[in-house]
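Notes to accompany the following structure.
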Amino acid sequence: MCINNTKENKKEKNIELKDYLLICPLAIFGSLSWLEFGNLEYDNLSLIFAPIHAISKGVYLLYAQNIFREVVKNEKNVNFNNFCFNISMMTSLLLVFPAIISASGSVVNADASWESIDYTLIGLSFIYMIGMKYSEFNLSLLLDLRHYVVLEHTKFFLASIGQWYIQNMAHATIYAFFGKIFYVISLIRYWIGLDKTENNDNNISKQQDVKQEKYF
């Protein structure tokens, strides 16, 4: 029995290592797609809290998906829409006071140039937020988190290409160029290597609960 458990633990560790080797290059090259040293703007606090924010979001995704699965499994009256509504309401209540403080302390320069597209984006932002948050909940709660992370980085990767196109290559750098090339290569490598990882992962999941439950 102990030998079988040891073998299963080794297989699971190998799968986790393969996941890291597939996803980490995507994260690195996806971020590299935006790199432009001339336009880096930050202060000391933002530099300190940036990695904390990334780690907190990862913990939140693991915790939220695990809670959602447990709630749906144990509570028959709770469905996806109810869960999304409750989590959105709690998040809004937690952020309302920081949002008020931030808005009261923000200053818009008098010489800031506002164009018609800016007013359009501000006016229609609530429609965008509804669609964006609902699709984000669908992906983060119902999809394998490995796929979600890849789709998240791909979204920003495509946005970096869109920025080049809209601004006529105004912020193109050699770092971003090679980041885009290697991101596409890493993305192909991820989807090719994922089939082998998923087959082994499915065999292990038959004998275990959801993978995230060991952390929470």
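Structure data summary
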| read-out | value |
| --- | --- |
| Checking Phe29 against (1) at pLDDT 75 or above; (2) out of contact with any Gly (no Cβ under 7 Å at 6 or more places or on another chain), the condition it does not meet | (2) |
| Tally, over the range 65-77, of residues that are more than 24 Å from His147 (Cβ to Cβ) and either surrounded by 10 or more Cβ atoms within 10 Å (Cβ to Cβ) or touching a Cys at 6+ places or on another chain (Cβ under 7 Å) (or both) | 1 |
| Residue count, the range 52-88 (criterion: basic (Lys, Arg) and at pLDDT 85 or above) | 2 |
| Condition met for Ser160 (touching a Leu at 6+ places or on another chain (Cβ under 7 Å), in a helix (DSSP H, G or I), modelled with pLDDT of 85 or more and among the polar types (S, T, N, Q)) | no |
| Filter result for Phe156 (within 20 Å of the chain's Cα centre (by Cα) and more than 29 Å from Ser33 (Cα to Cα)) | no |
| Wholly enclosed helices (runs of 4 or more DSSP H) of the range 56-147 bearing at least 2 residues touching a His at 6+ places or on another chain (Cβ under 8 Å), under 30 Å from Asp19 (Cα atoms) and free of Cβ contacts under 8 Å to residues at least 40 places away in the same chain | none |
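The values are calculated or read from the model by the stated rules, or taken from the named source; none is laboratory data. None of the values given here were measured: they were computed from a predicted structure. Using ideal geometry, Cβ is built from the backbone for each residue, glycine included, and neighbour counts are taken over all protein chains shown.
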